[in-house]
Amino acid sequence: MFNGKNYLRPSTLEEAWTLNQNKNNKIIGGMLWLKMGHKNISTMIDLSDLGLSTIEENDQEFRIGAMCTLRELEEHSGMEQFFSGMIRNSIESIVGVQFRNLATVGGSVYSRFGFSDILTVFMALDSYVELYKGGIIPLEKYADMPYDQDILMRVIIKKRTRKGVYLSIRQTATDFPVLACAVSQNQEGAWKIIYGARPGKALAFESGLPEKPGLSDIEEAIGKLKSWGHFAGNMRGSAEYRKALAEALLRKAIRYTMDMTRA
Amino acid sequence: MEVKIKVNHKNITDNIPADLLLIDFLRKHGFYSVKRGCDTANCGLCTVLIADEPVLSCAVLTARANGSHITTLEGMQKEAEVFGSFMADEGAEQCGFCSPGFIMSVLAMEKEFEKKGITNPSEDQINKYLSGNLCRCTGYMSHTRAIMKYLKRAGGLK
Ligand SMILES: Cc1cc2nc3c(=O)[nH]c(=O)nc-3n(C[C@H](O)[C@H](O)[C@H](O)COP(=O)(O)OP(=O)(O)OC[C@H]3O[C@@H](n4cnc5c(N)ncnc54)[C@H](O)[C@@H]3O)c2cc1C
Ligand code: FES
Ligand code: FES
């Protein structure tokens with residue numbers, strides 16, 4: 001557990017941002033990850049009073065406040081319908097209900113963990129992050145940016161209908177994923193294929209799949225995947241093992257997605 | 001800093017260090033049902049309700065909980081007794097260390113099923129809801145039997 005000397009709940013984003021420029025201070029999200037470290041924190045910054053705890057929905061997009069919990073995200077009926085359960089599927093294996101009632105969207109996306117189910121699923125949708133100083137930028141770009149002291153205000157997912165699936169392989173039901181795969185197809189037929197827990201950070205695989213892939217198109221994509229050099233080994237599995245899983249997951253995900261678009 | 005927290009309908013005012021965890025606050029005030037079984041927020045032993053939502057008290061700052069209403073097992077004696085008898089009938093407890101957190105989750109689950117109109121939950125739905133509660137002694141089979149019978153009891157889920 002870390003030590004924290006002071007606790008503050010700023011009432012404006014500017015105040016929170018100013019506090020966060022001091023490297024001895026830290027924003028406290030759900031605290032689940034922070035709590036495993038041993039930092040000496042001068043001021044713990046709580047964003048609870050900044051109106052960042054709601055999921056707003058309009059004609060264009062879902063706007064998910066940084067302080068929303070993973071459980072709220074998982075239970076949101078609008079997103080469930082729009083993205084065919086992908087978001088729920090990506091989240092429901094993370095530890096347990098009591099954990100997900102605390103873990104925040106902001107802490108999860110800011111951290112950009114290699115194992116992140118959340119980053120993986122958001123990247124397979126049309127997602128952006130809104131930063132207090134950095135403005136609205138595509139999530140893929142944010143995923144590659146260095147950790148800085150800006151404040152992540154919300155995640156924005158555009159309401160472009162996508163059918164898709166989220167699949168992961170875990171050694172036990174609620175462990176970190178060994179490999180995660182999110183696949184979606186938009187109404188124009190364009191595919192997004194994202195691998196997470198490679199074990200590196202979520203990354204898009206450019207499959208070249210056409211709108212309605214036949215068997216030979218799928219084999220061609222699998223061929224490309226075999227020479228895609230972005231899987232590596234760690235204690236949960238070797239690069240070869242992940243590659244074999246990646247192929248199986250991709251075949252399944254394409255089939256499930258096509259079944260949905262047909263339906 | 002000063003906090004005012006309601007625990008099981010009783011107001012408590014205390015002067016606390018800024019980084020005091022809710023679990024330690026609760027134990028300091030005598031709520032010993034709340035226990036620590038891990039340091040990774042994984043085991044569920046420390047489950048309490050904040051405004052009726054189950055959370056891990058080992059990962060909540062007392063400072064953030066200022067002004068809220070907390071329920072621990074001590075505040076749910078009646079409900080716990082009913083479920084406890086189903087556990088006993090199935091021989092579901094071994095050492096019993098995991099029970100307080102587990103019971104809090106089962107009672108929260110029952111409320112949520114009721115709210116969502118789930119009257120006949122599947123084993124899969126139950127397992128998913130309770131996956132954050134670990135038990136070192138049993139194989140969960142007796143737990144599952146006890147929950148199934150408890151939810152189907154007269155006056156249970158409607
Ligand atoms: C035991 C365990 C198992 C897990 N398993 C999984 C899993 O299987 N899959 C998965 O995807 N994830 C998993 N996670 C990660 C978890 O889901 C959360 O992503 C993680 O705990 C971070 O969220 P938090 O709200 O707890 O953030 P915190 O721990 O509070 O913060 C994390 C970091 O983000 C910063 N931060 C928080 N909010 C903001 C903000 N708004 N703007 C800028 N910076 C901010 C904090 O300062 C800190 O540096 C696991 C975590 C734990 C502890
Ligand atoms: S003590 Fe293990 S989850 Fe809180
Ligand atoms: S009965 Fe011993 S830990 Fe569950």
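The values are calculated or read from the model by the stated rules, or taken from the named source; none is laboratory data. What you see is a predicted model, and the numbers here were worked out from it, not measured in a lab. Note that each Cβ is placed from the backbone with ideal geometry, even for glycine, and that neighbours are counted across all protein chains shown. Please note that ligands, DNA and RNA were not included when accessible areas were found on the heavy atoms of the full protein model with its side chains. Shrake-Rupley method; radii C 1.70, N 1.55, O 1.52, S 1.80 Å.
So which residues in region B:1-22 are away from every other protein chain (no Cβ under 11 Å) and either open to solvent by less than 10 Å² (accessible area, probe 1.4 Å) or charged (D, E, K, R) (or both), if there are any at all?
Of region B:1-22, the ones away from every other protein chain (no Cβ under 11 Å) are B:2, B:4-15.
Within region B:1-22, B:E2, B:K4, B:I5, B:K6, B:V7, B:K10, B:D14 meet the criteria.
Which condition breaks for A:L209 when tested against (1) assigned to a loop (DSSP other than H, G, I, E, B); (2) within 21 Å of A:C68 (Cβ to Cβ); (3) touching an Asp or Glu at 6+ places or on another chain (Cβ under 8 Å)?
(2)
Which ones in region B:126-139 are away from chain A (no Cβ under 11 Å) and either within 18 Å of the chain's Cα centre (by Cα) or open to solvent by less than 30 Å² (accessible area, probe 1.4 Å) (or both)? Don't jump to the end; show me each part of the working.
Filtering region B:126-139 down to residues away from chain A (no Cβ under 11 Å) leaves B:126, B:135-139.
Those that are away from chain A (no Cβ under 11 Å) and either within 18 Å of the chain's Cα centre (by Cα) or open to solvent by less than 30 Å² (accessible area, probe 1.4 Å) (or both): B:I126, B:C135, B:R136, B:T138.
Residues that are closer than 29 Å to B:N127 by Cα and either within 14 Å of another protein chain (Cβ to nearest Cβ) or of a type outside the set (K, R) (or both): does region A:148-165 have at least one? Walk me through how you get there before you give the answer.
Looking only at region A:148-165, we keep the residues that are closer than 29 Å to B:N127 by Cα, and these are A:163-165.
Now restrict to residues that are either within 14 Å of another protein chain (Cβ to nearest Cβ) or of a type outside the set (K, R) (or both): A:164-165.
So far as region A:148-165 goes, yes, one or more of its residues are closer than 29 Å to B:N127 by Cα and either within 14 Å of another protein chain (Cβ to nearest Cβ) or of a type outside the set (K, R) (or both).
A quick yes/no check of all residues on (1) among the basic types (K, R); (2) modelled with pLDDT under 95; (3) within 21 Å of the chain's Cα centre (by Cα):
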| position | (1), (2), (3) |
| --- | --- |
| A:I194 | no, no, yes |
| A:A202 | no, no, yes |
| A:S207 | no, no, yes |
| A:P213 | no, no, no |
| A:S216 | no, no, no |
| A:E219 | no, no, no |
| A:R242 | yes, no, yes |
| A:A248 | no, no, no |
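Taking region A:116-152 as the search range and keeping residues that are more than 26 Å from A:E92 (Cα to Cα), touching a residue at least 40 places away in the same chain (Cβ under 8 Å) and in contact with a Leu (Cβ under 9 Å, 6 or more places away or on another chain), which one is surrounded by the most Cβ atoms within 10 Å (Cβ to Cβ)?
The residue in question is A:I151.
Going by the conditions given, is A:M44 within 16 Å of ligand 2 (Cβ to nearest atom), in contact (Cβ under 8 Å) with a residue 24 or more places away in the chain and farther than 28 Å from A:I169 by Cβ? Outline the logic, then answer.
Details: within 16 Å of ligand 2 (Cβ to nearest atom): no; in contact (Cβ under 8 Å) with a residue 24 or more places away in the chain: yes; farther than 28 Å from A:I169 by Cβ: yes.
Against the criterion (within 16 Å of ligand 2 (Cβ to nearest atom), in contact (Cβ under 8 Å) with a residue 24 or more places away in the chain and farther than 28 Å from A:I169 by Cβ), A:M44 does not qualify.
Scan region B:83-90 and tell me whether some residue there is among the acidic types (D, E), more than 17 Å from the chain's Cα centre (by Cα) and part of a loop (DSSP other than H, G, I, E, B).
Taking region B:83-90 as the starting set, the residues that turn out to be among the acidic types (D, E) are B:89-90.
So of that shortlist, the ones also more than 17 Å from the chain's Cα centre (by Cα) come out as B:89-90.
Among the residues that remain, those that are also part of a loop (DSSP other than H, G, I, E, B) are: B:90.
The answer is yes, given that some residue of region B:83-90 is among the acidic types (D, E), more than 17 Å from the chain's Cα centre (by Cα) and part of a loop (DSSP other than H, G, I, E, B).
So which residues in region B:97-124 are within 16 Å of ligand 2 (Cβ to nearest atom), outside any helix (DSSP H, G or I) and out of contact with any Cys (no Cβ under 6 Å at 6 or more places or on another chain), if there are any at all?
Answer for region B:97-124, where residues must be within 16 Å of ligand 2 (Cβ to nearest atom), outside any helix (DSSP H, G or I) and out of contact with any Cys (no Cβ under 6 Å at 6 or more places or on another chain): just B:F97.
Check off (1) more than 17 Å from A:M86 (Cα to Cα); (2) more than 16 Å from ligand 1 (Cβ to nearest atom) for A:V183 and give me the number that stays unchecked.
The single condition A:V183 does not satisfy is (1).
Testing A:Q98 on (1) touching a residue at least 60 places away in the same chain (Cβ under 8 Å); (2) assigned to a helix (DSSP H, G or I); (3) within 14 Å of chain B (Cβ to nearest Cβ), one condition comes back false. Which one is that?
Answer for A:Q98: the failing condition is (1).
Please state which one of B:S142, B:S105 is of a type in the set (S, T, N, Q), buried (at least 19 other Cβ atoms within 10 Å of the Cβ) and touching a residue at least 40 places away in the same chain (Cβ under 8 Å). It would help to see each step written out before you state the result.
Numbers: B:S142 fails: buried (at least 19 other Cβ atoms within 10 Å of the Cβ).
Result of the check over B:S142, B:S105: B:S105.
Select from region A:1-43 the residues that are open to solvent by 70 Å² or more (accessible area, probe 1.4 Å) and of a type in the set (S, T, Y) and write down the one among them that is nearest to the other protein chains (Cβ to nearest Cβ).
That would be A:S11.
Kindly indicate whether B:F97 is under 22 Å from B:G37 (Cα atoms) and within 14 Å of chain A (Cβ to nearest Cβ). Don't jump to the end; show me each part of the working.
On the way: under 22 Å from B:G37 (Cα atoms): yes; within 14 Å of chain A (Cβ to nearest Cβ): no.
Against the criterion (under 22 Å from B:G37 (Cα atoms) and within 14 Å of chain A (Cβ to nearest Cβ)), B:F97 does not qualify.
From the residues in region B:55-82 that are in a strand (DSSP E or B) and open to solvent by 10 Å² or more (accessible area, probe 1.4 Å), which one is nearest to the other protein chains (Cβ to nearest Cβ)? Reasoning before the result, please.
Within region B:55-82, the subset in a strand (DSSP E or B) is B:55-56, B:61, B:69-71.
This time we only want the ones that are open to solvent by 10 Å² or more (accessible area, probe 1.4 Å), so: B:69, B:71.
Values: B:H69: 15, B:T71: 13 Å.
Result: B:T71.
Checking B:T40 against (1) of a type outside the set (D, E); (2) in a loop (DSSP other than H, G, I, E, B); (3) under 30 Å from B:G156 (Cα atoms); (4) not assigned by the TED database to the domain that holds B:M148: exactly one of these is not met. Which one?
The single condition B:T40 does not satisfy is (3).
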